[in-house]
Every structure is written in C-alpha cells, then in structure tokens.
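One structure is given here, and the rest of the page talks about it.
A short reminder: the numbers here are calculations on the coordinates, not readings from a lab. This one's a predicted model, so the numbers in the text were calculated from it and none came from an experiment. For neighbour counting, all protein chains shown are included, and Cβ atoms are generated from backbone atoms with ideal geometry for every residue, glycine included.
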Protein chains: 2
Amino acid sequence: MLRTKTIDDFLNVLASDAPTPGGGSVAALNGALGCALLTMVCDLTLGKEKYKEVWPDMEPIKAELENLREELTDSIDRDAAAYDTVTSAFKLPKTNDEEKKARREAIQTAMKTAAETPKSTARYIHQALKMAADVAEKGNPNVASDAGVAATCLLAGMQAALMNIAINLGSIKDEAYVHQMKIEMDFLKKEAGKLSNDVLVFVYKSIGMED
Amino acid sequence: MLRTKTIDDFLNVLASDAPTPGGGSVAALNGALGCALLTMVCDLTLGKEKYKEVWPDMEPIKAELENLREELTDSIDRDAAAYDTVTSAFKLPKTNDEEKKARREAIQTAMKTAAETPKSTARYIHQALKMAADVAEKGNPNVASDAGVAATCLLAGMQAALMNIAINLGSIKDEAYVHQMKIEMDFLKKEAGKLSNDVLVFVYKSIGMED
C-alpha cells in the first residue's frame, strides 16, 4: 500500500517509470495534506481557553475534516488501483473479432473507473474547501499561515484531480457521460477557485503579505 | 526524521497540535512531489526509442531534478528544525535585564533562520519550475497530465513557502533585512506564477481541458 510507504519511498516510486503512482495519487495526497493542516489549526484552537467561544463551531468541523482526510488518504491507493485496471485492460488478447470487442469494452469500463476515482477526490476536496475559510477566520491567528498552506494544497489537489479526469475523458466514447462529467468539472473548478481565494485573501491580510 | 515516516504517520503528526511539522514542511514536500513527477515524465521519455530526439535535453534536466528533489525532501526536516529553534528561544529565562536581552536576541536570530529555510525551499522550487515547461513540451505526451500536476505542486509549494517567510518576517525587527526579503519574495512569486502558467496552458491544451 502507498499510504504505508515512507515519504522517501513514495517519492522514489513516484519518480520512477512505474505506471503507478502518478498525478492522481498526488491529487489525493494534496487533499489529505490540506485536511491535516486544517485539523492542526482546529487542534490549536480547541486546545486554548482563549478561543473557547469558537469551540462549538470547531468541533464538528474537525470531525468532518478527519473523515475527509481518511477518504483522501485512501484515495492515494484507490487511484493507483484504478489506473492499474486500465493497464490490464490494454493487455487483453486481440487475436480475433470477439476478443477485440471484449478488450474494447474492458478498456472503456476501466477508463470510466479511472475518471471516477479523481472525481471522488475532487468532491472530497470540495467538501474540505467549504470549511477552510471558517477554520482560517475563527481559528488561532498564530497559525494563520498553516490555514493558508492548507488552501494551496486543496486547490493544487483539485486542479490535479481535474487534469486526471480530463486525460481519461479523452479516451471515453460515451458522449453523454463525457458531457455530464465536463459540467461537473466546470462547477468544481469554479468552486475551488472561489473558496480557496476566500481563505487566501483573509490569510494574506492577516500575515501582512501583499496579494 | 520526517522523511522516513510513513505517509499515514506524517499526516497524523501534521494534523496534531505538535508545533512541528507545519506549513513550511508541507511547502518542501510539495516541491519534492513536483520534482518527482517531472522526473517520472523524463523517465518515460528517456525509456522510449520514439522520443530519442529529445534524450540529450532530458538527461541533464533529470539529473538536476533529482538533486533538487533531494534538497527539497531534506527541507521537510530542515524547516521543522528551524521552527524548533524559535520555540526553544521563547523558552529562555527572562528573570533579569541581561537574560531578557539575550532572549530577545536569540528570538531574532531564530526568526531569521525560520525565514531563511522557506526561502531556500522557494529557491529550489523556482529552479524546478524553470525546467517544467521543457519537460511538459518535450516529454512523452501520454503523461502530459503528470507534468501539469507537477506544476500545480510546485506552485502550491512556492505559495506555501512565501506564506511561511511572511509570517516570520512579522516578528523580525531588522528593517533592511525585511525589505530585502520582500523584494526577493515578490520576484519569486511573479516567476512562479508565470512559469507554472506556461506549463498549464500547454498541458490543458494537450489534454483537451478548458483553461
């Protein structure tokens, strides 16, 4: 499993010519990093009497961020597994028409799975981004930059997930499916841009950095 | 060491209320992820006879990316160590004027180290970004999305590093130092925006994704 590899080993296998892990796993990892940093901000707010007023807001947010982090960490491996089914489908025999047809169908099914996995990643990241501004604005201001870094990780994870959907859509022949997916991608992209910007504007101001 | 932790353990300690690791280590990790993905694109280009024409360009780029990845991976731990010296300086005794003066000076020195570490991270990321468009444009087009994901990681790492410089600058009283640092931050921010955009415009076109 990728999530139980050391950072060094993960980076080595990522840099190698092995087909997985690739950008889809990195998308999920960035989502998990963003959730972990937001959870840290919650922890350093829930731990201080000074911020007692916002504890009732922070507690359910922290619980949801922990669930999302678990899903996203798991998606590092799910994405690699989905891509491996594409590679396997391409290796199916094609010596006669029947085999060719079965192979084509297997490739189409695998490609859809390989597009659905980063779509799930993108949806989890969207959920996390919806809580990010609240965490930044209500959280301990001493760790404002960590809330900002969380937003950059979540946005990078979203962009990465969308690129991984797009490259797979290029091979999918079901036009209605592709059309529907593009509508959802467009929505997620706009949402991520807006939500991450809300966090960054607040954080930049808070740490005295020009936008 | 953080780099020898599993991804699961790193995420757990990141999410905890432990003072380190924080956003500075995540900045370095995103830089390392970007370098690893670009190296993967080089590997999958150098391995294929079809792309023989660009091998002389790819070989030195791959070697430099591997050096940068090593520096950036090491910076995950360097950043945590620098922040730990800030925490230690704040814990120094302050029972008399002499101790107070020594403590103030120790805090100022530690704060500069804590600003220099993400500055090094930002410079390594800048070096990697300067090669990213070449890798995307000359590399194996089947892994174009991975070059794009690399660009998003490098940009996120740069933004994260700059936020970590900024939050430390707020406590540094040496005005000339702060002024010089702000000039360099501005340069790095503009460069990162331009260089990552060059990669993304190419990749989005290549994978049929709207900008």
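The table for this structure:
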{"read-out": "Residue within segment B:107-117 that is in a helix (DSSP H, G or I), hydroxyl-bearing (Ser, Thr, Tyr) and more than 14 Å from B:Gly24 (Cβ to Cβ) present", "value": "yes"}
{"read-out": "First in segment B:194-211 and closer than 11 Å to B:Ser145 by Cβ, second anywhere and among the β-branched types (Val, Ile, Thr), Cβ under 6 Å, 6 or more apart", "value": "B:Ile207/A:Ile167"}
{"read-out": "Whichever residue in segment A:163-174 is in a helix (DSSP H, G or I) and facing chain B (nearest Cβ under 7 Å) and, among such residues, is nearest to A:Lys189 (Cα to Cα)", "value": "A:Met163"}
{"read-out": "Of the criteria (1) touching an Asp or Glu at 6+ places or on another chain (Cβ under 6 Å); (2) among the hydroxyl-bearing types (Ser, Thr, Tyr); (3) more than 18 Å from B:Asn168 (Cα to Cα), which one A:Tyr177 fails", "value": "(1)"}
{"read-out": "Single condition B:Cys153 does not satisfy, out of (1) touching a residue at least 24 places away in the same chain (Cβ under 8 Å); (2) farther than 30 Å from B:Met209 by Cα; (3) within 12 Å of chain A (Cβ to nearest Cβ)", "value": "(2)"}
{"read-out": "Matching entry among A:Glu70, A:Glu98 (being of a type outside the set (A, V, I, L, M, F, W, C), free of Cβ contacts under 8 Å to residues at least 60 places away in the same chain and within 13 Å of another protein chain (Cβ to nearest Cβ))", "value": "A:Glu70"}
{"read-out": "Segment B:120-150, residues that are facing chain A (nearest Cβ under 9 Å) and surrounded by 20 or more Cβ atoms within 10 Å (Cβ to Cβ)", "value": "B:Val143, B:Ala144, B:Ser145, B:Asp146, B:Ala147, B:Gly148, B:Val149, B:Ala150"}
{"read-out": "Among the residues listed as A:Ala102, A:Ala82, the single one being hydrophobic (A, V, I, L, M, F, W, C), under 27 Å from A:Glu175 (Cα atoms), buried (at least 16 other Cβ atoms within 10 Å of the Cβ) and in contact with a Pro (Cβ under 9 Å, 6 or more places away or on another chain)", "value": "A:Ala82"}
{"read-out": "Residues of segment A:29-54 that turn out to be touching a residue at least 12 places away in the same chain (Cβ under 8 Å) and at the interface with chain B (Cβ under 8 Å from one of its Cβ atoms), as a count", "value": "11"}
{"read-out": "Residue check for A:Phe202: surrounded by fewer than 23 Cβ atoms within 10 Å (Cβ to Cβ), under 16 Å from the mean Cα position of the chain (by Cα) and either among the aromatic types (Phe, Trp, Tyr) or not in a helix (DSSP H, G or I) (or both)", "value": "no"}
{"read-out": "Members of segment B:3-28 found to be aliphatic (A, V, I, L, M), facing chain A (nearest Cβ under 7 Å) and either out of contact with any Gly (no Cβ under 6 Å at 6 or more places or on another chain) or over 26 Å from B:Leu65 (Cβ atoms) (or both), listed by number", "value": "B:Ile7, B:Leu11, B:Leu14, B:Ala15, B:Val26"}
